[in-house]
Amino acid sequence: MSNRLVLDANVLYSARLRDLFLQLRQDNLAQVFWTNRIEAEWTAALVANRPTLQAVTGRTAHIIRAAFPSAYVDDDLIDTVAFGLPDPNDEHVAQAALTMRATIVTWNLKDFPRKALSPHGLIAATPDEILLDLAKKEPDRMLRSITSIRDRLRHPPISAEAYAAGILKSKCRKFGGWLQALAADV
């Protein structure tokens, strides 16, 4: 799989996964991208589900935009190919992936069927699959990225075991299992 990734809104919605993918970008382990529309989707969904987070969500999106301006795929550059996806509202995600020659990272694989993507040389994969693939290719770099995250999370501190448990709660069972096995060996 590619390390060029377009993150769907359902991946960015999770603070833990958003933080991890941004750290991977910071550490040049993955190139992650999204669009203004993808940002609008994850922020709107988070505020709809947790209205008390409206100010925090807006501030978070602003900080991310300032820190990672090249992660945003310019709307004017996006290829406007019609993929014929089951949900037309997902077309922009595939279009961004085509523009960036990237893998689509999503929890909703059924919304990105292989038969619609493969003629364009695209694939979709879950965050769990992507993270495990990156970890197997670059285990030391992945662990350094996670250590950077844990070092930043000091109030309260988070142990390797607790971080792995949090990844498991984020539905990344295979990658979380990989992390748990490493934490147990330490």
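Keeping to the stretch 159-176, report how many residues are surrounded by 15 or more Cβ atoms within 10 Å (Cβ to Cβ) and farther than 18 Å from F21 by Cα.
So the answer is 0.
Can you tell me which residue within the stretch 73-115, out of those that are among the hydroxyl-bearing types (S, T, Y) and free of Cβ contacts under 8 Å to residues at least 60 places away in the same chain, is farthest from K171 (Cα to Cα)? It would help to see each step written out before you state the result.
First pass over the stretch 73-115, keeping only residues among the hydroxyl-bearing types (S, T, Y): 80, 99, 103, 106.
In the following step, the residues that additionally are free of Cβ contacts under 8 Å to residues at least 60 places away in the same chain were identified as 80, 99.
Values: T80: 32, T99: 28 Å.
Only one residue fits best here, namely T80.
Only the coordinates and a few stated rules stand behind these numbers; no lab work does. Here the structure is a predicted model, which means the values were calculated and not measured. Neighbour counts run over all protein chains shown; Cβ positions are idealised from the backbone, glycine included.
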